[in-house]
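These notes are about the structure you will find just below.
The values are calculated or read from the model by the stated rules, or taken from the named source; none is laboratory data. All values reported here derive from a predicted model rather than from experimental measurement. With ideal geometry, Cβ positions are generated from the backbone for all residues, glycine too; neighbour counts draw on all protein chains shown. We work out accessible area using only protein heavy atoms, side chains counted, and drop any ligands, DNA or RNA first. Shrake-Rupley method; radii C 1.70, N 1.55, O 1.52, S 1.80 Å.
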Amino acid sequence: MTWSFILFSLLIISLLVVASMVLCAKIYLEVTCRISEKDRIALTFDDGPHPKYTPELLDVLAKHNAKATFFVVGKNAKKHPEIIRRMIEEGHSVGNHSYSHQWQWGFWSEDKVYRELRGTRELLNEIHSQSYPLFRPPFGISNPNIAKVVKRMELAVVGWSLRTFDTSRKPKKVQQQLLKKLKGGDIVLMHDRLENTPQVIDIVLTHFSKSGLKFVNLEAPKSDTKLD
Ligand SMILES: [Zn+2]
């Protein structure tokens, strides 16, 4: 084996790794990363529901008459079905974010990915019967196996145009970034399992209350999505 072959192989592997992590490059999947209406913003919250912070966030959203989209983890939804029902009753959208949200997600077989996504959809349907076509892959990771399941289940994949890095940045920084950078058409990625999310969102919604921007939930493209 020559050095050039090793270098070439490393380059290909690096490209594949990058391709699987950059969701909005749309290499394996059709992904929605913005909304077309320039007077609207879609706030999205991943990894919940959290027993304390998600209800607090729902209170904040109700106070400002804002809607949002929650990409929930199946095992958390199972523990707090009442929060899922509240999200839907208050006009928010609920999407699939896998059942167990494990770091091995990107290495799973098609069958394992299917069981995770289908398990979450069945559980959500038991909690509140409706179609759940919206999906955001854990860690934003996609690959050919995940793409096959997305097609099989007719899921609509949602990415983001503004990533807040709220799981690693200080809340003050997240807030500053949102006040400075948020604009119409954005899909914002945040997490409702974090203590400071409700307060940050309260400040942001107060700041934009007279801007004419509307905070909306995402809706899947109309289709005759059948349960698989
Ligand atoms: Zn997540």
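Calculate the dipole size of the chain relative to its Cα centre from +1 charges on Lys and Arg beta carbons and -1 charges on Asp and Glu beta carbons; express the result in debye to the nearest 20. Please list the in-between numbers first.
Numbers: 33 positive and 24 negative charges, 114 e Å.
Dipole about the Cα centre, nearest 20: 540 debye.
Under the simplified labelling scheme, the Ser36-Lys151 pair shows an inter-label distance of 2.5 nm, with each label point 7 Å from Cα along Cα→Cβ.
How would the stretch 22-124 be classified by its alpha-carbon gyration tensor: rounded, prolate or oblate, with rounded meaning a/c under 1.5 and the a/b versus b/c comparison settling the rest?
It is oblate, given that a/c is not under 1.5 and a/b is not larger than b/c.
For the chain, the carbon plus sulfur part of the accessible surface works out to 56%, probe radius 1.4 Å. Rolling a 1.4 Å probe over the protein heavy atoms gives the stretch 31-215 an accessible area of 45 Å² per residue.
According to the square roots a ≥ b ≥ c of the eigenvalues of the Cα gyration tensor, what is the shape class of the stretch 150-195, taking rounded for a/c under 1.5, prolate for a/b larger than b/c otherwise, and oblate for the remainder? Write down the numbers at each step before the final one.
Details: a/c = 3.90, a/b = 1.78, b/c = 2.20.
Note, shape of the stretch 150-195 comes out oblate.
Within the assembled protein chains, the solvent-accessible surface assigned to Glu195 is about 120 Å², based on a 1.4 Å probe. Rolling a 1.4 Å probe over the protein chains gives His50 an accessible area of about 50 Å².
At the residue level, Asp59 shows approximately 80 square angstrom of accessible surface with a 1.4 angstrom probe and all protein chains present.
Placing +1 on the Cβ of every Lys and Arg and -1 on the Cβ of every Asp and Glu, with no other charges, gives the stretch 64-133 a dipole of roughly 120 debye about its Cα centre.
Which semi-axis lengths, in whole Å and largest first, follow from the square roots of five times the eigenvalues of the Cα gyration tensor of the chain?
On the way: eigenvalues 177, 101, 52 Å².
They are 30, 22, 16 Å, listed largest first.
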